[in-house]
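Presented below is the structure to which this report refers.
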Amino acid sequence: NAGVTQTPKFRVLKTGQSMTLLCAQDMNHEYMYWYRQDPGMGLRLIHYSVGEGTTAKGEVPDGYNVSRLKKQNFLLGLESAAPSQTSVYFCASSYTGSRALRTQYFGPGTRLLVL
Amino acid sequence: DQQVKQNSPSLSVQEGRISILNCDYTNSMFDYFLWYKKYPAEGPTFLISISSIKDKNEDGRFTVFLNKSAKHLSLHIVPSQPGDSAVYFCAASASNYGGSQGNLIFGKGTKLSVKP
């Protein structure tokens with residue numbers, strides 16, 4: 001049982017390049033989330049999904065797109081990377097139902113550097 | 001405007017003593033609160049939570065206290081151990097808040113150092 005995994009662990013991009021971050025979970029969770037964490041900041045929600053085929057915007061969605069084609073996977077895309085998107089990206093997942101069940105479980109993070 | 005505030009960026013405590021981490025919130029609609037612990041180069045891990053219908057929740061060495069009137073919660077770690085050294089994030093959610101599905105709002109974190 002791997003929990004939440006993220007690919008890649010680290011990536012360097014040039015401004016304007018595109019990339020996709022992959023999140024996978026094997027806990028059969030309905031909800032999945034993408035966050036970014038910047039130095040001295042808490043985690044900020046980028047996008048989330050409450051089920052396969054559905055996505056919604058979070059607090060800081062601009063410059064990102066997401067897709068949830070399969071229940072276990074949640075993809076985060078950067079179409080044209082900017083230096084302001086240099087950050088550590090965390091994926092999380094949770095069950096649906098009561099709030100106690102909706103405790104979020106996080107992946108190890110992807111460190112992205114945009115030059 | 002920050003809805004969840006952790007005003008102490010860092011805290012240093014001696015091993016065996018009590019660690020108290022504080023968190024304030026501004027949104028009165030928040031009704032569920034969580035603490036996450038994060039080691040360097042790892043993702044946050046869930047530590048303990050509390051619903052607004054309670055004022056205290058304990059799990060081993062960890063106790064969370066909630067003061068709704070003051071919009072304040074605190075995490076007590078007793079006794080503190082060197083392995084507790086990490087960044088602690090406070091998070092809050094509201095049952096029905098703009099269709100957010102109870103999404104979490106995180107504070108900026110407090111770095112706890114427990115010295116042997």
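Just one of the listed residues (B:D1, B:D59) is more than 13 Å from the chain's Cα centre (by Cα), more than 20 Å from B:L104 (Cα to Cα) and more than 10 Å from every other protein chain (Cβ to nearest Cβ), namely B:D59. Only one of the numbered conditions (1) of a type in the set (D, E, K, R); (2) in contact (Cβ under 8 Å) with a residue 24 or more places away in the chain; (3) surrounded by fewer than 16 Cβ atoms within 10 Å (Cβ to Cβ) is violated by A:D62, and that is (2). Reported count of residues in the range A:1-50, each being within 12 Å of chain B (Cβ to nearest Cβ), open to solvent by 30 Å² or more (accessible area, probe 1.4 Å) and either within 12 Å of the chain's Cα centre (by Cα) or polar (S, T, N, Q) (or both), is 3. Of all residues in the range B:4-24, those satisfying the criterion of being within 13 Å of the chain's Cα centre (by Cα) and either more than 14 Å from chain A (Cβ to nearest Cβ) or open to solvent by less than 70 Å² (accessible area, probe 1.4 Å) (or both) are B:V4, B:K5, B:Q6, B:S8, B:S19, B:I20, B:L21, B:N22, B:C23, B:D24.
Residues of the range A:76-95 that are under 15 Å from A:D26 (Cα atoms) and surrounded by fewer than 18 Cβ atoms within 10 Å (Cβ to Cβ): A:Y95 alone. Entry remark, the range A:1-25: residues being over 17 Å from A:T55 (Cα atoms) and either part of a strand (DSSP E or B) or modelled with pLDDT under 95 (or both) number 12 in total. List the number of the failed condition for B:N27; all other conditions in (1) more than 22 Å from A:R44 (Cβ to Cβ); (2) surrounded by 13 or more Cβ atoms within 10 Å (Cβ to Cβ); (3) over 15 Å from the mean Cα position of the chain (by Cα) hold. With (1) more than 22 Å from A:R44 (Cβ to Cβ); (2) surrounded by 13 or more Cβ atoms within 10 Å (Cβ to Cβ); (3) over 15 Å from the mean Cα position of the chain (by Cα) applied to B:N27, the lone miss is (1).
The values are calculated or read from the model by the stated rules, or taken from the named source; none is laboratory data. Note that this is a predicted model, so its numbers are computed, not measured. Cβ sites come from the backbone with ideal geometry, for glycine too, and all protein chains shown count toward neighbours. Just the protein is used for accessible areas: all its heavy atoms, side chains included, with ligands, DNA and RNA removed. Shrake-Rupley method; radii C 1.70, N 1.55, O 1.52, S 1.80 Å.
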